[in-house]
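Please read the structure below before turning to the comments.
The values are calculated or read from the model by the stated rules, or taken from the named source; none is laboratory data. Computed from a prediction, not measured in an experiment: that's the story for all the values here. Cβ sites come from the backbone with ideal geometry, for glycine too, and all protein chains shown count toward neighbours. Note: areas computed on protein heavy atoms with side chains; ligands, DNA, RNA excluded. Shrake-Rupley method; radii C 1.70, N 1.55, O 1.52, S 1.80 Å.
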Amino acid sequence: MMKKKLFGLAALAVVTFGLVACGGAKDKTTDSKSAGSAKESSVLKVGASASPHAEILEQVKPILKKEGVDLEIVQFDDYILPNKNLAEGDIDANYFQHIPYFNLQVKENKYDFANAGGIHIEPMGLYSKRIKDIKDLKDGATIITSNSESDWGRIITILQDADLVTVKDGVDLETATFEDIDKNPKNLKFIHNINPEVLTTTYNNDEADLVAINANFAYSAGLNPLKDSVLLEKDNSPYVNIVAVRSEDKDSDKIKKLVDALHSKEIQDWILEKWDGSVKPVDK
């Protein structure tokens, strides 16, 4: 009987130890999960075009690290996925688009987005392998632009500033289309069915007299808008590149730290030096 009783106590001790051990393991796992959550909450995933956006963000990384934010850059090579991914929650913000494109995408797709801050302007340029001076543009010349409607008014404005076209009275240049052109003395022909990311290939293949290329794609192809374009957008452009976020995150601490870092003198000076003034920082 005594042996039986001792055996029972020993068994109870083993069970009790097992429960304590399991409890300890559970607590450790919970602590591990909490640590993981804390680490995850410090991560800020930002979608960006390769150049100049992702390059600028790389410079911001150490600044944000000191602020307790781990910046993760997700690169995109098109204009559709960054907003789609933002809406679906795959990224926390994106930095690739100008205000007119942002407004058009929000309207067409009913995105619940907010503009968290303007960062820089990239002047749009028209490039040519056939002419060095716009005065040499021939009658009936072909101009290829992207299929991004939000850029059409921008390109028309550049052409109007060069006295190549005019638009109908009352037309808002920011939303103008090629149908709004009323005077076209050189009988210019427009092709506007090509994706923006393909325009550098179009230019390299010499497929038109002029090719309008967004600056980020131009940089990626080794083109400098200030040095290599035949026509260049003026400095008063409204096409400011912004950080876009879901509306619910506009006032989040991480987003504010990101925008503040991008507006810092250190980063703005770096932008001006890196691109010789062809990427122009703004502070709002």
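Observations on the model:
- Single condition Lys110 does not satisfy, out of (1) in contact (Cβ under 8 Å) with a residue 24 or more places away in the chain; (2) open to solvent by 60 Å² or more (accessible area, probe 1.4 Å); (3) of a type in the set (Lys, Arg): (1)
- The residue that is farthest from Lys65 (Cα to Cα), counting only those in the stretch 209-224 that are among the aliphatic types (A, V, I, L, M) and in a helix (DSSP H, G or I), is Ala218.
- When the residues of the stretch 64-90 are filtered to those that are open to solvent by less than 70 Å² (accessible area, probe 1.4 Å) and in contact with a Leu (Cβ under 9 Å, 6 or more places away or on another chain), the one that is nearest to Val282 (Cα to Cα) is Leu64.
- The stretch 162-197, subset assigned to a helix (DSSP H, G or I) and at pLDDT below 95, residue least open to solvent (accessible area, probe 1.4 Å): Pro196
- Condition met for Ile131 (at negative phi and in contact (Cβ under 8 Å) with a residue 60 or more places away in the chain): yes
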